[in-house]
1. Would you mind finding the one in G67, G10 that is of a type in the set (G, A, S), surrounded by 10 or more Cβ atoms within 10 Å (Cβ to Cβ) and in a loop (DSSP other than H, G, I, E, B)?
2. Restricting to the stretch 70-82, count the residues that are surrounded by 14 or more Cβ atoms within 10 Å (Cβ to Cβ) and in a helix (DSSP H, G or I).
3. Of (1) over 19 Å from T82 (Cα atoms); (2) modelled with pLDDT under 95, S59 satisfies all except one. Which?
4. If I go through the stretch 54-64 residue by residue, how many of them are crowded, with 16+ Cβ neighbours inside 10 Å and more than 12 Å from the chain's Cα centre (by Cα)?
5. Which of the residues belonging to the stretch 43-64 are in a helix (DSSP H, G or I), over 19 Å from R29 (Cα atoms) and basic (K, R)?
6. For the stretch 33-44, give me the residue count where each residue is among the aliphatic types (A, V, I, L, M) and either in contact with a His (Cβ under 8 Å, 6 or more places away or on another chain) or buried (at least 17 other Cβ atoms within 10 Å of the Cβ) (or both).
7. Quick one: is I88 in a helix (DSSP H, G or I) and among the β-branched types (V, I, T)?
8. Condition first: in a loop (DSSP other than H, G, I, E, B) and crowded, with 16+ Cβ neighbours inside 10 Å. Now tell me which residues in the stretch 13-32 satisfy that.
Amino acid sequence: MKEPIIKSSGNVFLDLGFPPEEAAILQMRSEIMADFRKFIKNKKLTQTKAAEILGVSQSRVSDLITGKWEKFSLEMLISLATKAGMRISLKRAA
């Protein structure tokens, strides 16, 4: 018997059962972390060089790259993104 296909809400964390307010923050954190992985890859940065740019340790960059989202608050990710020259904006859905 086939499992029914359920359409995603567009937020995997909401689909997994997180409360809406937590799911929104988790989604933002995961998107910024994905942006960091792209930034580091596109600039061909070593973790050490990325750490210099961000003003953090190499192990913190490793945590970013490997998606250890529980180690970063949204505020910290926004701060690091700003240091990297990324432009972050928060949009409220209607």
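The values are calculated or read from the model by the stated rules, or taken from the named source; none is laboratory data. Fair warning: this is a prediction, and the values are worked out from it, not measured in the lab. In this analysis, Cβ positions are derived from the backbone assuming ideal geometry, glycine residues included, and neighbour counts consider all displayed protein chains.
1. G67
2. Adding up the residues that qualify gives 7.
3. (2)
4. Result for the stretch 54-64: 4.
5. K49
6. 2
7. no
8. Result: F18, single match.
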